[in-house]
Amino acid sequence: MSSTLQKKETMKVPEPTLRRLPWYLSNVKLLKQKGERFVSSTQISKEINIDASQIAKDLSYVNISGRTRVGYEVDTLIAVLEDFLGFTNMHKAFLFGVGSLGGALLRDSGLSHFGLEIVAAFDVKPELVGTTLSGIPIYHSDKFKQKMQEYDVNIGVLTVPIEIAQQITDSMVEGGIKAVWNFTPFRIRVPENIVVQNTSLYAHLAVMFNRLNFNEIK
């Protein structure tokens, strides 16, 4: 293995780059549907309004190189991006809190196309415990550590009420969860070796409303 490839594999990719790479992947898939066999940074730039030099820099973290005046081979770029982003490997997860948002995520079969399979959910509501939703079993929260012995899971999806978010997080970490996808507006505290991805719908709403109001009063 070359030293250049080793460097790419061990280099920590900046988070903004990781957020943009799925955009490139979606765009390239659309171009494939239109019959394109090659795509350049300039073509992607025109579609998603990101500077071509930024796209080229982002793709430099991925183990692929384009051809001069031709660009990247579409099928290869799709395969490499999906592999790099982890979409080709199935990651199993537990979901905690089967409310309206948690239930929607359990029904979202599209997650599996991006490498995430929610294999079980946990709640305390009697009307939910012992049932299934979209074929996914719902257990009482007390059964979490027991089920960790039965399932090969290292990701927890957090959609519980804000007042118990930290409590459930502590339980997840103690039980062996290594990464938390946090949908609550609470900034959970975890040990340094635990990965946290915060996806607060309410925070994004606040940003959208603020920008909308700013545009209306200009």
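Only one residue in 93, 104 is over 30 Å from residue 37 (Cβ atoms), aliphatic (A, V, I, L, M) and surrounded by fewer than 13 Cβ atoms within 10 Å (Cβ to Cβ). Which one?
104
Name the helices (runs of 4 or more DSSP H) wholly inside the stretch 132-218 in which the number of residues that are surrounded by fewer than 16 Cβ atoms within 10 Å (Cβ to Cβ) and of a type in the set (Phe, Trp, Tyr) is 3 or more.
Hits in the stretch 132-218: 201-217.
Being within 12 Å of residue 72 (Cβ to Cβ) and not in a helix (DSSP H, G or I) is the filter here; which residues of the stretch 30-54 pass it? Can you show your working first?
Taking the stretch 30-54 and keeping what is within 12 Å of residue 72 (Cβ to Cβ), we get 31-32, 36-44.
36, 37, 38, 39, 40 - these are the residues of the stretch 30-54 that are within 12 Å of residue 72 (Cβ to Cβ) and not in a helix (DSSP H, G or I).
Considering the stretch 88-131 alone, what residues qualify as being farther than 30 Å from residue 76 by Cβ, without any contact (Cβ under 8 Å) to a residue 40 or more places away in the chain and in a loop (DSSP other than H, G, I, E, B)?
The answer is 124, 125, 126, 127, 128, 129, 130, 131.
Keeping to the stretch 60-81, report how many residues are in contact with a helix residue (DSSP H, G or I) (Cβ under 7 Å, 6 or more places away or on another chain), touching a residue at least 24 places away in the same chain (Cβ under 8 Å) and over 14 Å from residue 31 (Cβ atoms).
Adding up the residues that qualify gives 3.
Quick check on residue 207: is it at pLDDT 95 or above and either touching a Cys at 6+ places or on another chain (Cβ under 7 Å) or at negative phi (or both)? Can you show your working first?
Values: at pLDDT 95 or above: no; either touching a Cys at 6+ places or on another chain (Cβ under 7 Å) or at negative phi (or both): yes.
Answer is no for this residue.
So, in the stretch 176-195, how many residues would count as being over 17 Å from residue 91 (Cβ atoms) and in contact (Cβ under 8 Å) with a residue 24 or more places away in the chain?
Within the stretch 176-195, residues that are over 17 Å from residue 91 (Cβ atoms) and in contact (Cβ under 8 Å) with a residue 24 or more places away in the chain number 3.
The values are calculated or read from the model by the stated rules, or taken from the named source; none is laboratory data. All values derive from a computational prediction rather than experimental measurement. Cβ coordinates were reconstructed from backbone atoms using ideal geometry, including for glycine residues, and neighbour counts include every protein chain displayed.
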